[in-house]
Amino acid sequence: MTSLTYRSSKPDSWTLPRAHRDASQRLAAYGPIQPLAKPSLLERIFGLR
């Protein structure tokens, strides 16, 4: 018997690792990192954070 595998289509993108992106490539593609929580009213008024 042989241990060869036959694949009729390319592997799913979920199973393949993504190519590495450095910070400048990520910034160009998606923009600056945004905070998850929205600032409160006081934070917006006084510019705290």
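Assorted remarks:
- Qualifying residue in the stretch 16-28 (condition: open to solvent by less than 100 Å² (accessible area, probe 1.4 Å), assigned to a loop (DSSP other than H, G, I, E, B) and modelled with pLDDT under 80): yes
- Scanning the stretch 29-44 for residues that are part of a loop (DSSP other than H, G, I, E, B) and open to solvent by 100 Å² or more (accessible area, probe 1.4 Å) turns up ILE33, GLN34, LEU36, LYS38.
The values are calculated or read from the model by the stated rules, or taken from the named source; none is laboratory data. For clarity, every value in this text was computed on a predicted model and none was experimentally measured. Surface areas here come from the heavy atoms of the whole protein model, side chains and all, with no ligands, DNA or RNA. Shrake-Rupley method; radii C 1.70, N 1.55, O 1.52, S 1.80 Å.
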